[in-house]
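The values are calculated or read from the model by the stated rules, or taken from the named source; none is laboratory data. These figures come from a predicted structure and were not determined experimentally. All Cβ positions, glycine included, derive from the backbone under ideal geometry; neighbour counts span all protein chains shown.
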Amino acid sequence: MSVTPIDNIKIRDVHEADRPRERLIRQGAKSLSNQELIAILLGTGTKNESVLAVANRVLLNFEKLHNLKHATLEEMKDIKGIGEAKAVLLLASIELGRRLASKELEERYTIRSPEDAASYLMQDMTSLQQEHFVCLFLNVKNQVLHKQTIFVGSLNASIVHPREIFREAVKRSAAAIICSHNHPSGVPTPSPEDIEVTNRLHEAGQIIGVDLLDHIIIGDHQFISMKEKGYF
């Protein structure tokens, strides 16, 4: 793991606007590096080193941020500048992150049938006054990783381009996708454009290796599964 070397400037000597804590308040936690986030948890450095230097050593010691989740109290305390109190704080933070990730995984919605997909989408889409084209990105267990509205407007093959959808699928490491759009008329019967778009997405998915599991058309509290109806 490459970590940018830093000098031993104390936090109090850094311009206030550039201090990790102040930047988090002003810009949000996502704006901070891993090193800066760890520095905030540690709070202080040592007599001879800045807190950023100690945080840097933590990252170097475990080589990859991912390895921190396996850290023990003894391993933390073996790092120069980390006493028992700071080691406990870091381990508690790591465990909390692990539990949050585990909870998120448990709460992911699993789609086992067209009915599951329609139930997941129906409430938000059944009464829309314009057509919305929405994609669900799924993992290998058919759990929803992400839901995204791709565009709003009348369905057209030139607008719904596979490139945009599958770029997002690759970004999310999705194993499969389910597409859906609503018919403001309330009647979910597929149009020729619906069929054309579906076939293009299915063919693109086969090439890329991300399956199009279904295309759900939602009407007025009713739906049609284009997969179930044999359109692809």
| request: Please indicate, with yes or no, whether at least one residue in the range 191-211 is more than 19 Å from HIS161 (Cβ to Cβ) and surrounded by 16 or more Cβ atoms within 10 Å (Cβ to Cβ). | output: no
| said: I'm trying to understand the selection: among the residues of the range 169-185, which are surrounded by 15 or more Cβ atoms within 10 Å (Cβ to Cβ) and part of a helix (DSSP H, G or I)? | reply: ALA169
| query | Before we move on, is LYS69 in contact with a helix residue (DSSP H, G or I) (Cβ under 8 Å, 6 or more places away or on another chain), more than 30 Å from LEU136 (Cα to Cα) and outside the structural domain of LYS141 (by TED's automatic domain parsing)? | reply | no
| query | So how many residues does the range 147-203 have that are in contact (Cβ under 8 Å) with a residue 40 or more places away in the chain and β-branched (Val, Ile, Thr)? | reply | 5
| field | In the range 1-32, residue modelled with the lowest pLDDT [restricted to those that are surrounded by 15 or more Cβ atoms within 10 Å (Cβ to Cβ) and within 28 Å of GLU84 (Cβ to Cβ)] | value | VAL3
| Filtered residues of the range 204-228 (kept if of a type in the set (D, E, K, R) and under 26 Å from the mean Cα position of the chain (by Cα)) | ASP211, ASP214
| Scope the range 186-230; condition part of a loop (DSSP other than H, G, I, E, B), closer than 18 Å to VAL134 by Cβ and among the hydroxyl-bearing types (Ser, Thr, Tyr); matching residues | SER191
| task | State whether the residues of the range 52-69 include one that is at pLDDT 90 or above, over 26 Å from the mean Cα position of the chain (by Cα), on the phi < 0 side of the Ramachandran plot and not in a helix (DSSP H, G or I). | result | no
| Given (1) touching a strand residue (DSSP E or B) at 6+ places or on another chain (Cβ under 8 Å); (2) under 26 Å from LYS229 (Cβ atoms); (3) among the charged types (D, E, K, R), index of the condition ARG112 fails | (1)
| task | Restricting attention to the range 88-146, report how many residues are in a helix (DSSP H, G or I), surrounded by 13 or more Cβ atoms within 10 Å (Cβ to Cβ) and without any contact (Cβ under 8 Å) to a residue 60 or more places away in the chain. | result | 11
